[in-house]
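Peer 1: Dropping a structure here in structure tokens format, bear with me for questions.
Where a number appears in this text, it was derived from the coordinates with a stated rule and is not lab data. All values derive from a computational prediction rather than experimental measurement. Note that we place each Cβ from the backbone using ideal geometry, even for glycine, and neighbour counts take in every protein chain shown.
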Amino acid sequence: MNQPNQTYFDGFQAAMEMPYYVARLMSPPEVVQATQRHPAPVRSFTKGKWSLCGDVSTTMYRAMESSEDKCFPTRLTCMTTPKGVDFAVISHQAGHFQHRFLLPLFDGSVQSFIAAQEREGLMFMLANDGSSESLLFANIVSKACFQRVAKRLHPFTTDEQRQATTEMGLVSDEVRQPNRIPSLLADFPVRDVSVSVVMPAVMSEVVDALYDRLFSNLH
């Protein structure tokens, strides 16, 4: 279930009304900083690991929360847009509910994260629709799967990253569709999808530049 596969976009399709969130990717040092006031068991579990944090709908959160087994089925998928921009998607499923992390492979932090999985650990944290409720659970995707994704990585200039961000809207809409990634549970077709997107750093630079231009025109 955690085997990465290559899929290609077959054209734009209208996005369904599914929850969409901004994810946070944290390196091991950032995780240590973020958990320094948490109980010792949390600090021990998270030490030395990367963390992918996102949100799910309340209905999916309750399904995950009520599950006795917190080792949720997981799949690592690679996607390429018609313009040749690569993304990775990490999916988890509970019943008919699926959550998908969308990661732009042209972003420097995402590249560091993918490359680090050969030697460092990973955990996931999913919150209940922006609330303080959250679930913390371990990664089950193999190092070999991440290594195959790592082979797709190559350096991007800042201009190339900016160009690649133009594909973010298309990819986000595609990934939000239930049938875009197969069900991870044979008897449970995907009916509800939550998506958490790791925003590339270059996008914040673009937004900052836009605001600078806007405010520079104020008198």
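Peer 1: Starting from the amide H of Val195, placed 1.01 Å from N in the peptide plane, find each other amide H under 5 Å away whose residue is 5 or more places distant or on another chain.
Peer 2: The list, which skips near neighbours in sequence, is Tyr20, Tyr21, Arg100.
Peer 1: How big is the Cα convex hull of region 121-165 in projection, averaged over all directions, in nm²? Mind dumping the intermediate values first?
Peer 2: On the way: hull surface 21.0 nm².
If you wrap the Cα atoms of region 121-165 in a convex hull and average its projections, you get 5.3 nm².
Peer 1: Apply 1/(1 + (r/R0)^6) to the Cβ-Cβ distance of Thr59 and Lys143, taking R0 = 30 Å, and write down the FRET efficiency to the nearest 0.05. Could the numbers behind the result be given before it?
Peer 2: Numbers: r = 33 Å, r/R0 = 1.09.
The pair Thr59/Lys143 has a calculated efficiency of 0.35.
Peer 1: Quick one: divide the alpha-carbon radius of gyration of region 72-175 by 2.2 N^0.38 Å and tell me what you get.
Peer 2: Working: Rg = 14.5 Å, N = 104, 2.2 N^0.38 = 12.8 Å.
My calculation over the Cα atoms of region 72-175 gives 1.13.
Peer 1: Across every pair of different alpha-carbon atoms, what Kirkwood hydrodynamic radius in Å does region 14-114 reach?
Peer 2: Values: mean 1/r = 0.0643 Å⁻¹.
It works out to 15.6 Å.
Peer 1: Among Gln117, Leu76, Ser57, which residue has its Cα furthest toward the positive end of the charge dipole of region 56-135, with +1 on Lys/Arg Cβ and -1 on Asp/Glu Cβ?
Peer 2: Going by the Cα projections, it comes out as Leu76.
Peer 1: Output ³J(HN,Hα) for region 69-81: one whole-Hz value per residue in order, computed from phi by the Karplus curve 6.51 cos²θ - 1.76 cosθ + 1.60 with θ = phi - 60°, and x for Gly and Pro.
Peer 2: With the stated coefficients, region 69-81 comes to 9, 8, 9, 6, x, 9, 9, 9, 10, 10, 10, 10, 7 Hz.
Peer 1: Next up: Placing +1 at every Lys and Arg Cβ and -1 at every Asp and Glu Cβ, with all other atoms neutral, what dipole size does region 125-177 have around its Cα centre, in debye to the nearest 20?
Peer 2: On the way: 6 positive and 7 negative charges, 88 e Å.
The dipole magnitude comes to about 420 debye.
Peer 1: State to the nearest 20 debye the size of the charge dipole of region 22-71 about its Cα centre, where the only charges are +1 on K and R beta carbons and -1 on D and E beta carbons.
Peer 2: On the way: 7 positive and 5 negative charges, 51 e Å.
Using Cβ point charges on Lys, Arg, Asp and Glu, region 22-71 gives about 240 debye.
Peer 1: Could you work out how far apart the two model spin labels at Ala40 and Asn179 are, taking each label as a point 7 Å from the Cα in the direction of the beta carbon, and quote it in nm?
Peer 2: The answer from the label model is 5.3 nm.
Peer 1: Between Leu153 and Ser131, what FRET efficiency comes out of the Förster formula 1/(1 + (r/R0)^6) with R0 = 41 Å and r the beta carbon distance, rounded to 0.05? Let's see the in-between values first.
Peer 2: Numbers: r = 35 Å, r/R0 = 0.84.
Step by step, r from the Cβ atoms, then E = 0.75.
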